1. Please go through region 254-276 and pick out each residue that is of a type in the set (S, T, N, Q) and either over 25 Å from Arg314 (Cβ atoms) or modelled with pLDDT under 95 (or both).
2. Which condition number does Ile161 fail, the rest of (1) of a type in the set (Val, Ile, Thr); (2) more than 17 Å from Thr210 (Cα to Cα); (3) at pLDDT 95 or above being met?
3. If we keep just the residues of region 365-396 that are touching a Phe, Trp or Tyr at 6+ places or on another chain (Cβ under 7 Å) and surrounded by 18 or more Cβ atoms within 10 Å (Cβ to Cβ), which is modelled with the lowest pLDDT?
4. Just the residues that are buried (at least 21 other Cβ atoms within 10 Å of the Cβ) and either farther than 30 Å from Gln365 by Cα or in contact with a helix residue (DSSP H, G or I) (Cβ under 7 Å, 6 or more places away or on another chain) (or both), please, taken from region 422-475.
5. Residues of region 305-346 being surrounded by 17 or more Cβ atoms within 10 Å (Cβ to Cβ), hydroxyl-bearing (Ser, Thr, Tyr) and more than 27 Å from the chain's Cα centre (by Cα), which ones?
6. Name the pairs: first residue in region 250-268 and closer than 9 Å to Tyr394 by Cβ, second residue aromatic (Phe, Trp, Tyr), Cβ to Cβ under 9 Å, at least 6 apart or on different chains?
7. For Thr297, which of the numbered conditions (1) more than 30 Å from Asn110 (Cα to Cα); (2) at pLDDT 95 or above; (3) surrounded by fewer than 17 Cβ atoms within 10 Å (Cβ to Cβ) fails to hold?
8. Pull out all pairs, ordered by first then second residue, where Cβ-Cβ is under 6 Å, the residues are six or more apart or on different chains, the first lies in region 675-702 and is farther than 18 Å from Ala196 by Cβ and without any contact (Cβ under 8 Å) to a residue 60 or more places away in the chain, and the second is of a type outside the set (Val, Ile, Thr) and in a strand (DSSP E or B).
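The values are calculated or read from the model by the stated rules, or taken from the named source; none is laboratory data. Only a predicted model underlies this, so the values are computations on that prediction, with no experimental measurement involved. Here the Cβ is made from the backbone with ideal geometry for all residues, glycine too, and neighbour counts use every protein chain on show.
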Amino acid sequence: MIRSFLVLLLAGVAAPALAEDADADAITVTASRQPYRGDFTLQETPAAITTIDQTWLNNNNILRLTDALDLNASVARQNNFGGLWDAFAVRGFAGDENLPSGYLVNGYNNGRGFGGSRDVSGIEKIEVLKGPQAALFGRGEPGGVINIVTKKADFDTRGTIGVQAGSWDRQRVDGDVNLALGTVAAVRLIGFYEDAGSFRGTRSERWGFTPSVLVKLGETTALTYELELTRAEAPFDRGVVAINGQLGVMDRQTFLGEPGDGPLDAEVTGHQLQLSHAFNDAWSILIGGQHRDTRLTGFSTEAELAGSRQRLGRDGRSLSRQRRFRDYDAQHQVLRGEVQGRFATGGLQHRILFGADYDRFENSQFFLRFRPAVIGAATTPQQSNDIDILNPVYGRFPLPTPGPQTDRLDTQEAFGAYVQDQIDLGGGVQIRLGGRYDDFRQTTLNRANGAGTARDFRRFSPQAGIVYAANDTLSFYAAYGEGFRANIGADIAGRIFDPETSRSAEAGAKLSLLGGKLTGTIALFNLSKDNVLAADPANPGFSVPIGRARSRGLEVDLNGRLPGDVDLLLSYALVDATARTAVLDPNFGLAINPGDRLINIPRHQFNVQAAKGVALADDLKLTLGGGVQHTGGRLGETATNFMLPAHTLARLFARLEVGKQVEIFAEVTNLFDATYYTNSFAQLWVQPGQPRAATLAVRFNF
């Protein structure tokens, strides 16, 4: 049993801890050992954890990380920068609005650069690790963190090639081939290419290559390497506009940019290297690092937000627009090492993790902007770069030449050390104690005038939790943790912000029903943050402080198989996320008051997915399924009463498996063609959701 466990650990994947019953051939999965997480069952972990695995990624034909996160109600979409990065909030709290949302990849901080939206082709599963995770991973949001577990090379030679086509002339091909090179090495080659139109009348092109290599250096030692190489070309699209708070005045398919700008280019080149070694069945070490380069460049034309420069409010159809050029470049390096083990003191059993990490993030932003003139009696449509939202004519005027706006470099450099000990007190009671120390330095350089500023921060973040296993089917838990995250950048005057600090408390119950086939969590949580920032609408790329915020709520998650072999995924979240201090926006004079809702956070969100397979013949299996997602009304612009309406979406899918070699898949999304809006930054930057769409795909396995 020990050897089986070690082989899986060395493969660098989520290695299940195995238990053997009286039948030597029967193996039951009882725990999941993840890098930098330890060896714990879900029932004995004092936190809510939800996994979105291959079953639901395939059933929903999901291609983007953000679409996958829609399956968990605790995650809400945020402003996605014209569709060019992933942005989300967990339990009501998001990170810096001027950067993509951070996430983990195999336990390493990731996702902060400008590489476009993450494709799922190289993803094995997605974990929503809710609650106070900062004690282990550091510098995260108190609501939780997203951890992507990638597909890795192993010693089973196999392959898959898939092709698909969908509405608005979308084509895609992807492949996944794993090759065992003898008994000491293996390589896995994963790639995709996609050329897609959209209901907005725009077109994008994307490709990616994410291979991995496994080298077995000994019976208990292995080295893994993974490459992330992706490129994307897509137009910058701020969506549609609301007039005096009213949506639906214009066609949701109307693009308000300029095709003459061409696409923005997003590039990612990333490397991840990891060495694992097991000293024995009780102690192991994991050491690794990653380097990730990302870049985003190109022109865009988008609505002007300042009322004095905007003609739309005067005639209800002429939208005044900015033109921008961006050259954003980021480098991110992470080094991380951890020792984990088990030992006893007296009658107490300990499972301990201790480690350290180094994190360096460089964020370079070169930004040019043209702004329309202040609207007066003599201001011409060309001076304000107008477009008619009801009857657009593209290329009506020569494209304006943007001028200097921002040229700066922000650097964050941090060292952290942490320890966590989970102690079994007997009688079904376990306690978890731990903490993390961060030493952080932040510098900002305004390259336009040579002015630079630096600040240093140090903080200890504790965590504690308790679990009580009442029986094999029910356990109760409670947890508390504190977090720390430096706010990147500075305000328009060059002042570096105070770091964001947080406190997180939750309590809940975990269920394991039907012999472990159906698992679930019910949780109550209360989170708070200080020194929260919001994007500065008057100065793109800069932020303004809004003080304190709080989020509290209730979650229910179920995942597994019901009687009758029906697969089920159900998620519900009630989230009350609000500002807790009174702040006056210095640019527009808008008051943010205690109790005001946080932007893009629904109070109620619900998602249920179900699927059932039926054997039609010996080599023919049909799986039918569908899902319903409900998202409640959300605030669409900070410090206003503008709301995005609630929406409910339905989808159906069918998959026909012909033997083990061929799968034919078909789906319809937004079955009833609902009009809805996924996220917003302001009344003039609102992202519409996709109308009814269909996809047909074929997958060949060998």
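1. Thr269, Gln272, Gln274, Ser276
2. With respect to (1) of a type in the set (Val, Ile, Thr); (2) more than 17 Å from Thr210 (Cα to Cα); (3) at pLDDT 95 or above, Ile161 is out only on (2).
3. Once the filter is applied, the top-ranked residue is Gln365.
4. Scanning region 422-475 gives Gln422, Gln430, Arg432, Gly434, Arg436, Ser461, Gln463, Gly465, Val467, Ser475.
5. Listed by number, the residues that qualify are Ser318, Ser320.
6. Phe255/Tyr394; Gly257/Phe236; Gly257/Tyr394; Glu258/Phe299; Glu258/Tyr394; Pro259/Tyr394; Gly260/Phe299; Gly260/Tyr394
7. Evaluating Thr297 over (1) more than 30 Å from Asn110 (Cα to Cα); (2) at pLDDT 95 or above; (3) surrounded by fewer than 17 Cβ atoms within 10 Å (Cβ to Cβ) leaves (1) as the failure.
8. Close Cβ pairs satisfying both conditions: Tyr676/His647.
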